[in-house]
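Scroll down for the structure; my scribbles are underneath it.
The values are calculated or read from the model by the stated rules, or taken from the named source; none is laboratory data. All values reported here derive from a predicted model rather than from experimental measurement. Don't worry about glycine lacking a Cβ; one is built from the backbone with ideal geometry, like all the others, and counts go over all protein chains shown.
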Amino acid sequence: MTGITCARGASHKAVATVVVRYDGSAAGTLRLTWWRGATRNPQGAATTAQQTATFPKGATSYTLTDTYTFTSGVGRTYVGLTVSSAPAAAAGESSMAVDCR
């Protein structure tokens, strides 16, 4: 993940950009789960339904920008995204969060 930002307003929006670099020998799947919690850690946070995106065979880079719109909630000021892939990335899954107070 290259970054995550938050914009507050009538509806809060968090935007994350995920870049996958791979050898292109096979297609793969990204699994993305947005979450909101009291800390920068996804453990114990409220989560959304998992989303998936496919990165194509033959390319060596894939970029996905995703937006999560939500209403503010007491005690859950952090918004984050956890990303994993299949086949699994050498670095494993990644999580990033931003404070949306």
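Table for the structure above
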quantity	calculated
Qualifying position, being in a strand (DSSP E or B) and either in contact with a helix residue (DSSP H, G or I) (Cβ under 8 Å, 6 or more places away or on another chain) or of a type in the set (Lys, Arg) (or both), among Arg40, Arg36, Arg76	Arg36
Top-ranked residue in region 86-101 [being part of a strand (DSSP E or B) and not acidic (Asp, Glu); ranked as farthest from Arg31 (Cα to Cα)]	Val98
Which listed residue is surrounded by fewer than 11 Cβ atoms within 10 Å (Cβ to Cβ) and either in contact with a His (Cβ under 8 Å, 6 or more places away or on another chain) or at pLDDT below 90 (or both), from Gly73, Gly9, Gly58	Gly9
Hits in region 43-53 (condition: among the β-branched types (Val, Ile, Thr) and either assigned to a loop (DSSP other than H, G, I, E, B) or at pLDDT below 95 (or both))	Thr47, Thr48
Tally of residues being among the hydrophobic types (A, V, I, L, M, F, W, C), closer than 13 Å to Leu81 by Cα and either surrounded by 16 or more Cβ atoms within 10 Å (Cβ to Cβ) or free of Cβ contacts under 8 Å to residues at least 12 places away in the same chain (or both) across region 16-48	7
